[in-house]
Amino acid sequence: MSNVGASKIFLVRHASVQYLGKKSDLHVHLTTEGQSEAVKLSRNWIGKIDRIYSSPLERAVETVTPLALDRGIHIEIDADLAEKKKNCDASVE
């Protein structure tokens, strides 16, 4: 079996945050530790990356930003990657 045309997809959970209320809050930012974790992710990532997708949650974007900057890749924001409310199809706003 050949790997020609095969893609690898990696899922990365956001780095450390300090929740100030609802865990689904759009405006939760990374802590200092989380920022350090995001930089480590970028430094330690081995291999080619063609695209980076992120949910619109600020903590998610902040997690992949160092990686995107280091690789010169635009972060593609996809609302379908946002957390969902329990028992509901609507994105958390």
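The values are calculated or read from the model by the stated rules, or taken from the named source; none is laboratory data. This structure is a prediction, so every number in the text was calculated from the model and none was measured. Don't worry about glycine lacking a Cβ; one is built from the backbone with ideal geometry, like all the others, and counts go over all protein chains shown. Calculation scope for accessible area: heavy atoms of the full protein, side chains included, ligands and nucleic acids excluded. Shrake-Rupley method; radii C 1.70, N 1.55, O 1.52, S 1.80 Å.
Of the residues making up segment 74-93, just one is modelled with pLDDT of 95 or more and open to solvent by less than 40 Å² (accessible area, probe 1.4 Å), namely Ile75.
Listed by first and then second residue, the pairs with beta-carbon distance under 6 Å, at least 6 apart or on different chains, first residue in segment 2-28 and of a type in the set (Ser, Thr, Tyr), second modelled with pLDDT under 70 and assigned to a loop (DSSP other than H, G, I, E, B), are Ser24/Val92.
Taking first residues from segment 45-56 that are over 21 Å from Glu83 (Cβ atoms) and partners that are open to solvent by 100 Å² or more (accessible area, probe 1.4 Å), no Cβ contact under 6 Å between residues at least 6 apart in sequence or on separate chains turns up. Note on segment 47-62: residues that are more than 12 Å from Phe10 (Cα to Cα) and outside any helix (DSSP H, G or I) total 3.
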